[in-house]
Ligand SMILES: [Zn+2]
């Protein structure tokens, strides 16, 4: 996991570049026009993947057009944080189980 530092991510068939920047005020920032996700360079492991997935979910809302329905940065942030804290841990746990089962059939 410690070598995980992706340079790009594909979301809905669109490629987003991932840049790492020291002294970034937030953990991560999405520029949806330029399709660039900027991540605080000092983040590691869980914080790093969680932040990339957080920004990826913002990108999903943007690409799908759902961000127009939310029409409010706070509402969008609340939805994304609910995903972060509730659904994301479930996905990670189930993936881990699935990977383990693949190793020991
Ligand atoms: Zn956010």
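General remarks:
- Residue match in the stretch 15-22 (condition: within 16 Å of the ligand (Cβ to nearest atom) and exposed (fewer than 12 other Cβ atoms within 10 Å of the Cβ)): no
- Test: residue in the stretch 68-76 that is in contact with a strand residue (DSSP E or B) (Cβ under 9 Å, 6 or more places away or on another chain), surrounded by 14 or more Cβ atoms within 10 Å (Cβ to Cβ), modelled with pLDDT of 95 or more and not in a loop (DSSP other than H, G, I, E, B): no
The values are calculated or read from the model by the stated rules, or taken from the named source; none is laboratory data. Keep in mind that this is a model prediction, so the values were computed, not measured. No Cβ is skipped: glycine too gets one built from the backbone with ideal geometry, and neighbour counts run over all protein chains shown.
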